[in-house]
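Step one of this worksheet: look at the structure below.
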Amino acid sequence: QLQLVESGGGLVQAGGSLRLSCGASVGTFSSYVMGWFRQAPGKEREFVAGIRWRDGRTAYADSVKGRFTISRDNAKNTVYLQMNSLEPEETAVYYCAASSRLISRLKSDYRYWGQGTQVTVSS
């Protein structure tokens, strides 16, 4: 059982950076794959990045490679998403999610979800 809590969203200008955090109010991440997804208005929720907790293996959507970095802090039981060079088209609600399977880009493979945090990128 996990309860996920995201933070760190906000308003940023195009080209700027934000760091999102996801912690657990209940449970630990040690046996999970953690993912970040985003959903823009009128669009499907899409995979952004994932990390396998036990060994730190990562995966990224092609659109964010080289700009976003997913990482974890074992001691704090927290996963981060560092987002650089943000673009207005990346305005969305960003969600943290947990899966007990391999790193997956499918939202249906993630069992636990946070409430989301809004990221707004102004042009």
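Each Cα pair under 8 Å and six or more residues apart adds its sequence gap; the mean of these over the residue count of the chain is a relative contact order of 36 percent. Each Lys and Arg adds +1 at its Cβ and each Asp and Glu adds -1 at its Cβ; summed about the Cα centre, the chain shows a dipole of about 380 debye. Could you state, as a whole-number percent, how many of the C-alpha pairs of the chain are farther apart than 20 Å? Summing the P(r) of the chain above 20 Å gives 34 percent of all pairs. Of the GluC sites (Glu not before Pro) found in the stretch 24-123, those in coil by DSSP whose Cβ has at most 15 other Cβ atoms within 10 Å are Glu44. Working note: Cα atoms of the stretch 43-103, range along each principal axis, descending, whole Å: 33, 22, 19. The calculated P(r) of the stretch 74-123, using every Cα pair and 10 Å bins from 0, goes 20, 44, 31, 5 in percent.
Projecting the Cα atoms of Ala40, Tyr112, Asn84 onto the charge dipole of the chain (Cβ charges, centred on the Cα centre) puts Tyr112 farthest toward the positive pole. Straight-line cross-link reach from Lys65 at under 15 Å between alpha-carbon atoms covers these aspartates and glutamates, not counting any fewer than eight positions away in the same chain: Glu46, Glu87, Glu90. Compare the Cα positions of Val26, Gly16, Ala49 along the charge dipole of the chain (+1 at Cβ of Lys, Arg; -1 at Cβ of Asp, Glu; about the Cα centre) and return the one farthest towards the positive end. So the residue we want is Val26.
Read-outs: derived from the displayed coordinates by stated rules, not from any lab. Bear in mind the structure is a predicted one, so any value in this text is a computation, not a measurement. Quick reminder, even Gly has a Cβ in these numbers, built from the backbone with ideal geometry, and neighbours come from all protein chains shown.
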